[in-house]
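The values are calculated or read from the model by the stated rules, or taken from the named source; none is laboratory data. Please read all numbers here as calculations on a predicted model, not as lab measurements. Glycine also receives a Cβ, built like all others from the backbone with ideal geometry; neighbour counts cover every protein chain displayed. Accessible surface is based on the protein model in full, side chains and every heavy atom, while ligands, DNA and RNA are left aside. Shrake-Rupley method; radii C 1.70, N 1.55, O 1.52, S 1.80 Å.
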Amino acid sequence: MGWEAIEELSLLTLQEELSALFAKEEQYASHYRSAHDVDVDDDDPTAATTDSELRRTVCQWNYDCVDYFRFDREVVFWSMNYFDRHLAECHAGLRRQQPPPGQPQPAVLSGVVTHLVALSSLYLACKLHGHMEQDAVAADAAGNGAWRPRKSILTLKEFCLMSRNTYCPQMLEEMELSILSSLRWMLHPPTTMDFLVRLGKMLMELL
């Protein structure tokens, strides 16, 4: 819902929408927390969902991509949300399979797999929530070129090129299905802007 539509809402309706957003946020947060409700050794550095430095790198890479293709930066929120929740679920699954002492330990997620998760998360976020604007030349009746913005969607092959062909379309599609399954198809968490635009309107009504 855009700002124009928010402006038409009454204070009571805004309060109801905020309550619904908080309830929805709690639903997504509880799913994320459930992945951590496993006995974990707090002294084990591998117990974290993912290394902070790796996550920072993935986040910066997301911003670099959306800025280059001129997507809305809010796409990064959804991409990192999918990335974090999926890796949390993967690591929780590995910990649940923890064998008895002396037995071979389950393998941790490799950097290649994590990179594939990051790329697939961004692909899914762009497909659901993003578009880019390109400058396209359109000729007028006199034959003069005119610059006009047009909306375009990045294709699966373009994401493969972003990985320098490290991954093929089939690998991205399989990882996308894995992410959808681990997230239980919960793909629309409320964003910071969802709250801010409603809180801003409420303040305007109260002041």
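Tabulated data for the structure shown
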| quantity | calculated |
| --- | --- |
| Tabulated pairs, segment 158-179, first free of Cβ contacts under 8 Å to residues at least 40 places away in the same chain, second open to solvent by less than 20 Å² (accessible area, probe 1.4 Å) and of a type outside the set (Phe, Trp, Tyr), C-beta under 8 angstrom, 6+ apart or interchain | 160/172; 168/160; 169/160 |
| Residue list for segment 57-81, restricted to those being buried (at least 19 other Cβ atoms within 10 Å of the Cβ) and either more than 26 Å from residue 25 (Cα to Cα) or charged (D, E, K, R) (or both) | 65 |
| Residue within segment 11-22 that is farther than 26 Å from residue 198 by Cα, open to solvent by less than 40 Å² (accessible area, probe 1.4 Å), at pLDDT 75 or above and part of a helix (DSSP H, G or I) present | no |
| Filtered residue count, segment 174-196, keeping only those that are open to solvent by less than 30 Å² (accessible area, probe 1.4 Å) and farther than 29 Å from residue 90 by Cα | 1 |
| Flag for residue 72 being at pLDDT below 90, outside any helix (DSSP H, G or I) and closer than 28 Å to residue 204 by Cβ | yes |
| Breaking point among (1) in contact (Cβ under 8 Å) with a residue 60 or more places away in the chain; (2) within 16 Å of residue 130 (Cβ to Cβ), for residue 153 | (1) |
| Unmet requirement for residue 167, which otherwise passes all of (1) hydroxyl-bearing (Ser, Thr, Tyr); (2) at pLDDT 90 or above; (3) in contact with a His (Cβ under 8 Å, 6 or more places away or on another chain) | (3) |
| Boolean, residue 159 is open to solvent by less than 20 Å² (accessible area, probe 1.4 Å), modelled with pLDDT of 80 or more, outside any loop (DSSP other than H, G, I, E, B) and not charged (D, E, K, R) | yes |
